[in-house]
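Asks: One structure is given below, represented as structure tokens, and several questions about it will come after.
The values are calculated or read from the model by the stated rules, or taken from the named source; none is laboratory data. Everything numeric in this text was worked out from a predicted model, so none of it was measured. Glycine also receives a Cβ, built like all others from the backbone with ideal geometry; neighbour counts cover every protein chain displayed. Heavy atoms of the whole protein, side chains included, go into the accessibility calculation; ligands, DNA and RNA do not. Shrake-Rupley method; radii C 1.70, N 1.55, O 1.52, S 1.80 Å.
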Amino acid sequence: MDAQATKAAQAGQSPTANTPNDPACAVTVHNDGGVAPLDRVRLSDLPLRQALRGRTPYGAPQLDVSVRLNTNENTHPVPPGVAEAIAQAVGDIATGLNRYPDREFTALREALADYLGHGLTAEAVWAANGSNEVLQQLLQAFGGPGRRLLAFQPSYSMYPLLAEGTHTQFVDAGRADDFTLSAEHVAESITRHAPHVVVLASPNNPTGTALELDVVDAAYRAGERLAVAGGPAPMIVVDEAYAEFARPGTPSALTLLPGRPRLVVTRTMSKAFALAGARLGYLAADPAVADALRLVRLPYHLSAMTQATALAALRQADALLQTVDQIMAQRDRIVVEAARLGLAPAASDSNFVFIGGFEDASAVFDALLSRGVLVRDVGIPGHLRVTAGTEQEVDAFLEALTQVLAP
Ligand SMILES: *Cc1c(COP(=O)(O)O)cnc(C)c1O
């Protein structure tokens, strides 16, 4: 891969993507106003919405290298027994694919509620194609024109894009220099910005650390005060995509749900469950929240195959989650070894580590890639993020990192 393609891949772009600076993008207009028949129609020739012009699509590079530790998937393959159960379940419904699926995915919601525990019932659970779609539906229902989403960056890079796509104004209140988030800062920001939706990622991506529940509670109470003062009554969304990897004793915001009808906890099967390819995310909240999302979801948004796959996987949850302990051990190993190499890894409650202390993170990214190890450059100077993979993958990462940093 040439240097330019690597840089483009790092920025999440396709090397051939149109950019506003690309002279080949210029539209050639005939005297009659028609578009000249160039070799092919370009994006800039189309009447794209103004807000989308010149933008690049979200997407971490999907490069064909041997060690891919850049998107926080569970890198362990689905165990054969679980794969067979999924194949069987999908096979069993195949003759019924002539019909639309259960719009209410009732069996799946029951299974998700059972998995979550905390006395939750199916009515309190909602699901969609990845927690990204759940977040999008939340913004469609509670955000929108004239409304604001408040987030605390650096955090998940999809939040501003989901806001944009739902015409919701994105407000970033930032974090402390060490990327922590205090209850005071969250509460003050809610008072100041009067948002309609607040998103708190716990554990946060890319930094990896979970929030104390007093931060979530402070956000909720600040929202209540805002509403009493005549402002919006904000929905408080806690994105717990990595909850299963939290260090022992880290409580989930699920424990705060009773009595807080505007609190939403989102989860996903893309990370601990090793099922990123199936696309299944979900939430737990007051049943009224699901009623709100029914107003914006597409008809039959969860395919019968998705429902069957997720249900079969949940029945085998113990087998699927068996790798979580190994991944946590590899994560802790990365933290220890990175510190030994003189770097500054953040405490992690997730399946990845945010490592600071690089003199030139972008150069290290390139050097690791040239050794067949793909990590994530999230664009924060001096930092890289690496997913805790299998023991062999982490061996390869640490070996490459040691070589790259050797004087
Ligand atoms: C990976 C991730 C998700 C999961 O997205 P899916 O659409 O469920 O695959 C959600 N939130 C954060 C912070 C993530 O890092």
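Asks: Just checking, how many residues over region 242-275 are part of a helix (DSSP H, G or I) and either surrounded by fewer than 24 Cβ atoms within 10 Å (Cβ to Cβ) or more than 13 Å from the ligand (Cβ to nearest atom) (or both)?
Replies: So the count comes out to 5.
Asks: Could you give every pair whose Cβ atoms fall below 6 Å, whose first residue belongs to region 101-115 and is at pLDDT 95 or above, and whose second residue is surrounded by 14 or more Cβ atoms within 10 Å (Cβ to Cβ) and among the aromatic types (Phe, Trp, Tyr), counting only separations of at least 6 or pairs across chains?
Replies: Once the first residue is at pLDDT 95 or above and sits in region 101-115, its partners that are surrounded by 14 or more Cβ atoms within 10 Å (Cβ to Cβ) and among the aromatic types (Phe, Trp, Tyr) give Leu112/Tyr282.
Asks: Go through (1) open to solvent by 10 Å² or more (accessible area, probe 1.4 Å); (2) out of contact with any Pro (no Cβ under 8 Å at 6 or more places or on another chain); (3) on the phi < 0 side of the Ramachandran plot for Ala388 and report which single condition fails.
Replies: Status for Ala388: all satisfied but (1).
Asks: What tally of residues in region 276-292 results from selecting those that are open to solvent by 10 Å² or more (accessible area, probe 1.4 Å), under 16 Å from Phe105 (Cβ atoms) and in contact (Cβ under 8 Å) with a residue 12 or more places away in the chain?
Replies: Going through region 276-292 one residue at a time, the tally reaches 3.
Asks: Out of (1) part of a loop (DSSP other than H, G, I, E, B); (2) away from the ligand (no atom under 16 Å from the Cβ); (3) out of contact with any Leu (no Cβ under 9 Å at 6 or more places or on another chain), what's the single condition that is false for His118?
Replies: Just one mismatch for His118, condition (3).
Asks: For region 136-152, what are the residues that are open to solvent by 10 Å² or more (accessible area, probe 1.4 Å) and within 11 Å of the ligand (Cβ to nearest atom)?
Replies: Listed by number, the list holds a single entry, Gln136.
Asks: Is it the case that region 221-241 has a residue that's under 30 Å from Arg385 (Cα atoms) and assigned to a loop (DSSP other than H, G, I, E, B)?
Replies: Yes, some residue in region 221-241 is under 30 Å from Arg385 (Cα atoms) and assigned to a loop (DSSP other than H, G, I, E, B).
Asks: Still on this structure, I have one more. Regarding region 212-232, can at least one residue be identified that is of a type outside the set (D, E, K, R), touching a residue at least 60 places away in the same chain (Cβ under 8 Å), open to solvent by 10 Å² or more (accessible area, probe 1.4 Å) and within 16 Å of the ligand (Cβ to nearest atom)?
Replies: For region 212-232, residues of a type outside the set (D, E, K, R), touching a residue at least 60 places away in the same chain (Cβ under 8 Å), open to solvent by 10 Å² or more (accessible area, probe 1.4 Å) and within 16 Å of the ligand (Cβ to nearest atom): absent.
Asks: Which one is nearest to Asp325 (Cα to Cα) among residues in region 63-82 that are more than 15 Å from the ligand (Cβ to nearest atom) and in a loop (DSSP other than H, G, I, E, B)?
Replies: So, considering only residues that are more than 15 Å from the ligand (Cβ to nearest atom) and in a loop (DSSP other than H, G, I, E, B), the one nearest to Asp325 (Cα to Cα) is His76.
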